[in-house]
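Below is one structure, written out as structure tokens, with a few remarks after it.
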């Protein structure tokens, strides 16, 4: 019974808010209303680009924030090994985040390189950002030149030390459709 009384008491305030919004809309010039345009490509949430999963969330009525995610876990216990998240950035670039379980040996670094036959290629270092909850996160800004290298390669090797005494963990990640996925969610 108490819930119904609270709801009934709140109803006039809710109605007043709706009336105030309606009045403000009537007073506003017609050309100042926010324009909603259809995205260039309608990519559904949870769409797959190779091993990358599209993950979009509404951040306002007219804006959606999207990322692509690839997660590797141990098959026997489903324990996280690494979750890679990529977020589009201006001018066709991206931010790449690597999330690993808490306890990672931070001085050992978080690094990646492309899995190709070029023995002279350099390893790239990601910068540890934070450890919070049960994850530590490293990041790197991928510029246009790096995005071109992602487009030329199919596999990315990522590595880190899970703790101070452990051997490095090195895993391969599918990047064959990475650039297509970033381009698709950049339009969202």
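Can you tell me which residue within region 157-188, out of those that are free of Cβ contacts under 8 Å to residues at least 60 places away in the same chain and under 20 Å from the mean Cα position of the chain (by Cα), is surrounded by the most Cβ atoms within 10 Å (Cβ to Cβ)? Step by step, filter region 157-188, then rank; the result is 179. Scanning region 118-133 for residues that are within 15 Å of residue 98 (Cβ to Cβ) and either touching a strand residue (DSSP E or B) at 6+ places or on another chain (Cβ under 7 Å) or surrounded by 15 or more Cβ atoms within 10 Å (Cβ to Cβ) (or both) yields 123, 124, 125, 126, 127, 128, 129, 130, 131.
Considered as a group, the residues in region 42-54 that are part of a strand (DSSP E or B) and without any contact (Cβ under 8 Å) to a residue 24 or more places away in the chain include one that is surrounded by the most Cβ atoms within 10 Å (Cβ to Cβ), and that residue is 53. Based on this model, can you work out whether residue 41 counts as in contact with a helix residue (DSSP H, G or I) (Cβ under 7 Å, 6 or more places away or on another chain) and modelled with pLDDT under 85? The answer is yes for residue 41. Need the failing condition index for residue 147 against (1) farther than 15 Å from residue 70 by Cβ; (2) assigned to a strand (DSSP E or B); (3) under 17 Å from the mean Cα position of the chain (by Cα), just the number. That leaves (2) as the condition not met. Filter region 67-100 for residues that are out of contact with any strand residue (DSSP E or B) (no Cβ under 9 Å at 6 or more places or on another chain) and in contact (Cβ under 8 Å) with a residue 60 or more places away in the chain and give the result. Passing the criteria: only 92. State whether the residues of region 19-30 include one that is modelled with pLDDT of 95 or more, surrounded by 10 or more Cβ atoms within 10 Å (Cβ to Cβ) and not in a helix (DSSP H, G or I). Checking region 19-30: not a single residue is modelled with pLDDT of 95 or more, surrounded by 10 or more Cβ atoms within 10 Å (Cβ to Cβ) and not in a helix (DSSP H, G or I).
The values are calculated or read from the model by the stated rules, or taken from the named source; none is laboratory data. For clarity, every value in this text was computed on a predicted model and none was experimentally measured. All Cβ positions, glycine included, derive from the backbone under ideal geometry; neighbour counts span all protein chains shown.
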